[in-house]
């Protein structure tokens, strides 16, 4: 209303002046009124200016003598009104332009202030996070970051909690400003407590007084914290942790402080994620380099272990060929060649087993087995070796344990490997003990020795491939160190566990195998319990048996011919499948022993054609596949093709004769 009053006052003043000067002015001289309307338009606004214009027109009309108003005066009055309206419009436009200019100026000032604030914020953030650009280790980097956050934000406490994804909890990784290590033990579930809420909701939360919130953990209160600000650490949409800062005094964190910690947290999260990735890469590289070194050492040992027996075999073979050895020398040469050939065969078997393990192709032929018979068979097999090394073998075997579901051959391999390992590392005059007993629902087999023991640094790695306690140039014991790897895998395939205990150097070692026992009713009501037979005291005999040998390798054929004849068999040896089939047309041998890899027709084709024959023509003859194809798939293929037994080369001479003899005699009994 004040502006309208001012407009009216200005028009009234102009009309009063025009009345006082009426004798001097033309009544239609609107100069004073136009001035009043212009001043009103400029300083009181559009509404009051329009009021002033209307009042001016009305006043001018009253000043004119209505009876003497001419058409010319009316036109002038209309022009005045039009001019007044134009003046008001121009003034209004000018005022709007001034207002817009003031608004733009204010906006510019606000933007400049925000830019200065952002620049200051970035400078403060950079003063915090530039440490992350260095090559500090993760823990050192986080401690330095927390120290800088304390300095920039003026807080007494600062903590980084990182997410343990397996347990879905936040774990304190670094802390600054605490008098004790209590914070290092804090574990915060996601969604629990202030830090847990921040991680779950992915947003910052500030609390001016934590005493009023019961959800805050007692650790913060015990540390003397009164106010908290927690901000999530997020990388690529993943929450990796939380930064928490605390003040000992009640404090309301300003919006700029929250924004500063948010921006810093973004960069810190990227730095932490990068540092973790770098550390993981370094660990993986170190592990790969260690594995490569172990492989190099392994292959160096492999070369050594293969060349050493070969050298002995070649040297003694040369001496035998020279004819200069006496009877004792000849016996020694034969014994040495035999021992080194068996050693090479064992090395090859271990390599094949490890290859099967790596490929996941090592399979078990499970049955119900008496564990006591397995242990006794293994003891019987290694006792001559222990006696030769001057060692005492003690056994405590519980025969009332019950039965296992196991592959008897593989289980005996486990026992033999553990016993052979103990014999290898126990010095002459030492003692090896093996105990078989029940522990709850499991059978426990413990093999202890009085050897040099195992160092603490090697103890966690004794079952790993390519790991040895000695370097290839300083080794005192032979072998590739694969036996224990095979032991662990075979035991685990049986559903059991194996572990090693050793007090350290000169304290000996104890290997403990635990295997699940079958329930009594399952053992009694199931298949017949298999009990491994002990090795025979004397050599096998094949007297009266007729053996048909098939092998394209002349050396193998000749050696097998001599072997079976030595043990009393009558032998027919042929170099091909075709000749074997022709031989079956003329006589009926007791057993067929055939190689697999042969030219023209291989062993699979041979047995297929044999099985097509009538029983009277030899179609049911017992057949043994004696081949260098030693994989589990090869064994299965041979058995499916029609062979009764699969034996892999090289073979123990007495064992192959025993296998073939037993198979032939069963065939005779069945006929």
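The values are calculated or read from the model by the stated rules, or taken from the named source; none is laboratory data. Predicted, not measured: the structure shown is a model, and the values here were computed from it. FYI the Cβ positions are ideal-geometry reconstructions off the backbone, even for glycines, and counts take in every protein chain you see.
A few comments on the model shown:
Every residue, every condition in (1) modelled with pLDDT of 90 or more; (2) closer than 22 Å to residue 365 by Cβ, yes or no:
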site: 406; (1), (2): no, yes
site: 410; (1), (2): no, yes
site: 421; (1), (2): no, no
site: 431; (1), (2): yes, no
site: 441; (1), (2): no, no
site: 448; (1), (2): yes, no
site: 455; (1), (2): no, no
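- In the set (1) modelled with pLDDT of 75 or more; (2) not in a helix (DSSP H, G or I), the condition left unmet by residue 136 is number (1).
- Test result for residue 497, in the same structural domain as residue 432 (by TED's automatic domain parsing), in contact with a helix residue (DSSP H, G or I) (Cβ under 9 Å, 6 or more places away or on another chain), surrounded by fewer than 20 Cβ atoms within 10 Å (Cβ to Cβ) and modelled with pLDDT of 90 or more: yes
- Among the residues of segment 543-559, the one identified as under 15 Å from residue 651 (Cβ atoms), touching a helix residue (DSSP H, G or I) at 6+ places or on another chain (Cβ under 8 Å) and not in a strand (DSSP E or B) is 551.
- Only residues that are modelled with pLDDT of 85 or more, in a helix (DSSP H, G or I) and surrounded by fewer than 19 Cβ atoms within 10 Å (Cβ to Cβ) were counted in segment 637-662, giving 3.
- In segment 379-406, the residues that are buried (at least 19 other Cβ atoms within 10 Å of the Cβ) and either farther than 15 Å from residue 369 by Cβ or not assigned by TED's automatic domain parsing to the domain that holds residue 513 (or both): 379, 382, 386, 391
- Positions within segment 364-406 being in contact with a strand residue (DSSP E or B) (Cβ under 8 Å, 6 or more places away or on another chain) and in a loop (DSSP other than H, G, I, E, B), in sequence order: 364, 366, 370, 391, 398, 401, 402, 403
- Filtering 351, 320 for residues that are closer than 26 Å to residue 384 by Cβ, part of a helix (DSSP H, G or I) and at pLDDT below 80 leaves a single hit, 351.
- In segment 605-612, the condition of being modelled with pLDDT of 90 or more, part of a loop (DSSP other than H, G, I, E, B) and touching a strand residue (DSSP E or B) at 6+ places or on another chain (Cβ under 7 Å) is met by no residue.
- If you filter segment 70-99 down to residues that are out of contact with any helix residue (DSSP H, G or I) (no Cβ under 8 Å at 6 or more places or on another chain) and within 17 Å of residue 18 (Cα to Cα), you find that the one that is modelled with the highest pLDDT is 76.
- Of all residues in segment 464-484 being farther than 13 Å from residue 294 by Cα and crowded, with 19+ Cβ neighbours inside 10 Å, the one that is modelled with the lowest pLDDT: 483
- Residue pairs meeting the criteria (Cβ under 6 Å; at least 6 apart or on separate chains; first on the phi < 0 side of the Ramachandran plot, in segment 314-333; second loosely packed, with under 10 Cβ neighbours inside 10 Å and at pLDDT below 85): none
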